[in-house]
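Shown next, in structure tokens, is the structure this report addresses.
The values are calculated or read from the model by the stated rules, or taken from the named source; none is laboratory data. All values reported here derive from a predicted model rather than from experimental measurement. Methodologically, a virtual Cβ is constructed for each residue, glycine included, from the backbone with ideal geometry; neighbour enumeration extends over all protein chains shown.
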Amino acid sequence: MTHPKRTLRKRLALALGATLVALALGELAARILEPTPDKRSLHRTLLDRPYLYGLDPSHPEVSSQGLRDREFAIPKPPGTRRILLLGDSVVYGVGVPRDATLSRALENALSSRGHEVEVVNSGCHGWSTYNQLHFYRDHGHAFGADLVVLVFCLNDIVDPRLHWRYSQGLIPSIPDAAIPNLEYSRTHSTPILEDQRDVELRRRSFPWSTLRRSALFRKIAKLLEPGVHQPRREVDGRTWPLRLTGEDDLSIDVLMDPKSTEWVWLGAQLTALHDAVRAQSAEFLLTSVPLAYQLDPEYPYDPQDELTKFAAAKGIDYVAALPALRGKITEDMFLGFLSGYDDIWHLSVEGLQVVAERYAEHIATQVIPRLK
């Protein structure tokens, strides 16, 4: 006859063993699925430059000129036509090979139309119109571009104190001029940053610091992290997303109100950039890329309308990518839906090609005939 206590101990031992095996398999799976972090920094702080930070030439993806691109002759050789693309991580080409970025797609699209033009990719993660303006003034003009194209992403007006997360602690002080809405930054961003600091302090304490060595623990902790409230609105019985960023609750509404603090700030940056480009006797083209949720033909809001009105009032050439993308399969056009990450900003290779064709048609028919 089996002793009851011995039977119980066996069951507990089996249960414990099964749990340990399950945890070990879970840890193994988490480590296999977890991407190996690249310890080499893609960015470098440039405290002596007005655009504050840029790409690090020591990274294998970055040229000696601080671009995710090939080397370009400076000064520009006689007889060469050159386009400079200004932008953020969309222009940089997050998640796509270097030979499939917007600059390469645009270069190829223009070549297929009989225009041999060098297209320079100066995109950098997280850059807003402020960084792009000061990069052009300080360094970008040296490329001698005949045409400067600003690729505006709708999240380029969010608070950099939250958006420049990979630069936190490296930029001691973000200039007020780089912050679209100082009051919003004070009342909304500061509490979020304080919460983030508290969380980081807890993570560094024992036992959290020890547990963080586990890939399985990191994955579970990530799932349990409270998310930022994302604004939505119901229109005619359907709820629509309004978010611009994943860092805070800023809404697309600020881009539909030309009197909003963010729009006033954006208008000043765009005007200054346009004037700086024209002072170099180059053409300037303002373009925009939509957010993934705007591809739905029934989406009720179109902040690109305000960009159109602004450009017309200022005499700025403007073309939007939204008409070329709207109605297409969103999962094909944006990376987030392919990778499983809710990324509404970064275009896939196919999406970049569609946008490049849209821009190339405008440049070939409307801009190149004006070039000297």
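Some points to look at:
- Yes/no for Ala320 being in contact with a helix residue (DSSP H, G or I) (Cβ under 9 Å, 6 or more places away or on another chain) and small (Gly, Ala, Ser): yes
- Restricting attention to the range 325-349, the residues that are in contact with a helix residue (DSSP H, G or I) (Cβ under 7 Å, 6 or more places away or on another chain), more than 20 Å from Ser251 (Cα to Cα) and in contact (Cβ under 8 Å) with a residue 60 or more places away in the chain add up to 3.
- Candidates Leu201, Leu224, Leu255, filtered to the one that is under 23 Å from the mean Cα position of the chain (by Cα) and either at pLDDT 60 or above or not small (Gly, Ala, Ser) (or both): Leu255
- Residue in the range 302-312 that is more than 20 Å from the chain's Cα centre (by Cα), surrounded by 17 or more Cβ atoms within 10 Å (Cβ to Cβ), at pLDDT 95 or above and over 28 Å from Val235 (Cα atoms) present: yes
- Within the range 100-149, tally of residues that are surrounded by 23 or more Cβ atoms within 10 Å (Cβ to Cβ) and within 14 Å of the chain's Cα centre (by Cα): 10
- Matching option when the condition is free of Cβ contacts under 8 Å to residues at least 60 places away in the same chain and in the same structural domain as Ala100 (by TED's automatic domain parsing), among Leu322, Leu270, Leu352: Leu322
- Per the listing Leu106, Leu67, the residue uniquely part of a helix (DSSP H, G or I) and in contact (Cβ under 8 Å) with a residue 40 or more places away in the chain is Leu106.
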